[in-house]
Amino acid sequence: MRSVIDPFIASGRSLSQRTRSRLPTSGRGFTLIELMITVAIVGILATIAYPLYTDQVRKSRRVDARSLVLQAANREEQIYTARNAYVSGMDALGLSEVTDNGAYKVTATATGSDDQGYRITATAVAAKGQDQDTCRTLSVDESGRRTAWTGAGLGSGTDVSDECW
C-alpha cells in the first residue's frame, strides 16, 4: 500500500499558513470606498427614519393627552352626578395637570351659570418639542364636543379636530 502524504504537511507549514497563502491579498479588509458607501447609505436611512420616528413620538404623546382629557371629563361627570355642578381645576378632579410624559398641560374649567358646564383643555408644552405637533390644543366640553387647534389656545390656528381626535 502506498501512503499519500500531504505536500503542506511535508513542508512543515501550519493549517493557518496554508489557508492564508491561498487568499488573495485584496480580500483581507474593507477599502476606503466601501466604507464611505456604507456611511452614505446609513446617513440616507437616518435622514429618512429620524423624522418618521419623531412624528410617531409626537403622536404617542398626543394619545396620552387625549387619555388624560377624557379621564378628566369622566371625573367631571361623576362629580356633577353627585353635586349637580362641575368643578374647576385638575386638583379638584384628583388628576395631574401634566401628562405622564410632560408633553401637555391640562386644565379643567367650570363654565356657565352655576357651573353647569365645563371645558377640559390640553395644551402642548414647548420644552418637550410637542409644540411642533399639528394638534397643539385639544379640548372637550360637557356636551362631549371634541375640538383641536394648531395654535397654542382654543380657537388659535386652524381647526384640526377630525385629524386629532
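Here are a few things to note about the model shown:
- Residue in region 127-141 that is acidic (Asp, Glu), in contact (Cβ under 8 Å) with a residue 60 or more places away in the chain and more than 23 Å from Gly89 (Cα to Cα) present: yes
Residue by residue, here is whether (1) in contact with a Pro (Cβ under 6 Å, 6 or more places away or on another chain); (2) not in a strand (DSSP E or B); (3) not hydrophobic (A, V, I, L, M, F, W, C) holds:
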site	(1), (2), (3)
Ala92	no, yes, no
Leu95	no, yes, no
Arg119	no, no, yes
Thr123	no, no, yes
Ala148	no, no, no
Gly153	no, yes, yes
Gly157	no, yes, yes
Glu163	no, yes, yes
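- Filtering region 97-117 to residues that are assigned to a strand (DSSP E or B) and crowded, with 20+ Cβ neighbours inside 10 Å leaves Tyr104, Val106, Ala108, Ala110.
- Some residue of region 53-60 being part of a helix (DSSP H, G or I), charged (D, E, K, R) and either touching a Gly at 6+ places or on another chain (Cβ under 9 Å) or at pLDDT 95 or above (or both): yes
Matching residues to (1) in contact with an Asp or Glu (Cβ under 9 Å, 6 or more places away or on another chain); (2) without any contact (Cβ under 8 Å) to a residue 12 or more places away in the chain; (3) β-branched (Val, Ile, Thr):
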| position | (1), (2), (3) |
| --- | --- |
| Ser88 | yes, no, no |
| Asp91 | yes, yes, no |
| Tyr104 | yes, no, no |
| Asp115 | no, no, no |
| Tyr118 | yes, no, no |
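The values are calculated or read from the model by the stated rules, or taken from the named source; none is laboratory data. For clarity, every value in this text was computed on a predicted model and none was experimentally measured. A quick note on method: Cβ atoms are made from the backbone with ideal geometry, for glycine too, and the neighbour counts reach across all protein chains shown.
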